[in-house]
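Please read the structure below before turning to the comments.
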Amino acid sequence: MPIDPRQQNRLQNELEIVKDRLSKYYEAETAILTGAQEYRIGSRNLRRGDLKLIKEEIDKLQERKDELENAIATGESSPKRKAFRVIFRDL
């Protein structure tokens, strides 16, 4: 079922937000990889985010970005999750 224009705009806006956050996480990862994870000036200490957590968030954002781009390209909203009830019977 094709998506309506309002939902298309919402998906576009969310995609822009995800792309922006993803680029900031890539910048943070680059800063950490270039040796700026932790440094000390006098008695002050600055520690940036943990590389493992940043990589996990990058993976999540990349997955969401792919979902949004696919939904926009195909014109269909992402599939809705369905719940099923299973009743076991002993026959």
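The values are calculated or read from the model by the stated rules, or taken from the named source; none is laboratory data. Quick caveat, the model's predicted, so the values are computed rather than measured. With ideal geometry, Cβ positions are generated from the backbone for all residues, glycine too; neighbour counts draw on all protein chains shown. To get the accessible areas, we keep the full protein, side chains included, count just its heavy atoms, and leave off ligands, DNA and RNA. Shrake-Rupley method; radii C 1.70, N 1.55, O 1.52, S 1.80 Å.
Here are the numbers:
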quantity: Residue ID - nearest to residue 4 (Cα to Cα), chosen from residues in segment 27-59 that are surrounded by fewer than 14 Cβ atoms within 10 Å (Cβ to Cβ) and under 12 Å from the mean Cα position of the chain (by Cα); calculated: 59
quantity: Filter result (in contact (Cβ under 8 Å) with a residue 12 or more places away in the chain and basic (Lys, Arg)) within segment 38-59; calculated: 48, 55
quantity: Some residue of segment 28-48 being within 19 Å of residue 74 (Cα to Cα), in a loop (DSSP other than H, G, I, E, B), in contact with a strand residue (DSSP E or B) (Cβ under 8 Å, 6 or more places away or on another chain) and not polar (S, T, N, Q); calculated: no
quantity: Residue check, residue 67 without any contact (Cβ under 8 Å) to a residue 60 or more places away in the chain, touching a Lys or Arg at 6+ places or on another chain (Cβ under 6 Å) and open to solvent by 70 Å² or more (accessible area, probe 1.4 Å); calculated: no
